[in-house]
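Asker: Can you keep this structure in mind? I'll have questions shortly.
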């Protein structure tokens, strides 16, 4: 299973003005840096939790039809299926009817039709919409605070040496905020 971002979020979970207030910054000399840090902070939180904070469209590529007919996207929360295509070895795409697929947002899984189409050496592409919502206010406050805390840490520690190998890149406060949202693995 491969994953590719198709459309990123339209807004960030924290505005520049909110972040400047949090950092106690006046003026606009640091605006470009803080804006870049907000985006990087969101992406860091998303990578740590496997959750899209705001609505985004991701493409899942499957080289084979799943035997059980179930796909668990590696990013959530799942909102809906946008499109499904069969792509031939030659790169020609044929759209499949989305009605034959079911997105179970609660379970974070996609149920596929029981009878798989013939792939003939190609692959399946499923475009899914994921995220907590379209507005920053849709994002749970602990995740927004994690972005703010991450940005503040980076802003306050600019130019310092990188963390030692094996050390966590997430500050303890950020890890604590993300803990309830991190995926649990049962081995």
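Asker: Once you keep just the Cα pairs under 8 angstrom separated by 6 or more residues, what percentage relative contact order results for the stretch 59-130? Walk me through the numbers before you get to the answer.
Answerer: Numbers: 140 pairs, mean separation 35.5, N = 72.
Once divided by the residue count of the stretch 59-130, the mean separation gives 49 percent.
Asker: Take the alpha-carbon centre of the stretch 96-148, take the same for the stretch 1-18, and report the distance between them in whole Å.
Answerer: When both Cα centres are located, 15 Å separates them.
Asker: For the stretch 59-130, divide the Cα radius of gyration by the Kirkwood radius and give the resulting Rg/Rh value with two decimals. Working shown, then result.
Answerer: Details: Rg = 11.5 Å, Rh = 12.3 Å.
Rg/Rh: 0.94.
Asker: Report the full-extension gain for the segment residue 109 to residue 16: residue separation times 0.36 nm, less the Cα-Cα distance, to one decimal in nm. List each step's numbers first, then the result.
Answerer: Details: separation 93, 0.36 × 93 = 33.48 nm, distance 3.45 nm.
The residue 109-residue 16 span can extend by a further 30.0 nm.
Asker: Now a separate question. Given N residues in the chain, what is Rg(Cα) / (2.2 N^0.38 Å)? Kindly include the intermediate steps, with their values, before the conclusion.
Answerer: Numbers: Rg = 19.5 Å, N = 187, 2.2 N^0.38 = 16.1 Å.
For the chain, the normalised Cα radius of gyration comes out at 1.21.
Asker: Related question: Return the FRET efficiency for the residue pair residue 119, residue 5: r is the Cβ-Cβ distance, R0 is 35 Å, and the value is rounded to the nearest 0.05.
Answerer: Computed FRET efficiency for residue 119 and residue 5: 0.90.
Asker: Which angle from 0 to 90°, rounded to the nearest 10, does the C-alpha axis of helix 141-156 make with the longest principal axis of the chain?
Answerer: In the chain, helix 141-156 runs at an angle near 50 degrees to the longest axis.
Asker: Compute the acute angle (0 to 90°) between the alpha-carbon long axis of helix 31-49 and the principal axis of greatest extent of the alpha-carbon atoms of the chain; round to the nearest 10°.
Answerer: The helix 31-49 is inclined about 50 degrees to the chain.
Asker: Contour minus end-to-end for residue 157 and residue 43, with contour as 0.36 nm per residue of separation and end-to-end as the Cα-Cα distance?
Answerer: On the way: separation 114, 0.36 × 114 = 41.04 nm, distance 1.89 nm.
My answer for the length gained is 39.2 nm.
Asker: Given R₀ = 22 Å, what would the calculated FRET efficiency be for residue 102 paired with residue 181, taking r from the Cβ atoms and rounding to 0.05?
Answerer: On the way: r = 25 Å, r/R0 = 1.13.
Between residue 102 and residue 181 the formula returns 0.30.
Asker: What does a probe at residue 89 reach in the stretch 104-139, counting residues whose amide N is under 13 Å from the point 7 Å along Cα→Cβ?
Answerer: Correct set: 119-123.
Asker: Still on this structure, I have one more. Sequence gap at least 6, Cα distance under 8 Å: using those rules, report the relative contact order of the chain to the nearest whole percent. It would help to have the intermediate numbers written out before the result.
Answerer: On the way: 305 pairs, mean separation 52.9, N = 187.
Relative contact order here is 28 percent.
Read-outs: derived from the displayed coordinates by stated rules, not from any lab. Everything numeric here is computed off the predicted structure, so don't read it as measured data. Note that each Cβ is placed from the backbone with ideal geometry, even for glycine, and that neighbours are counted across all protein chains shown.
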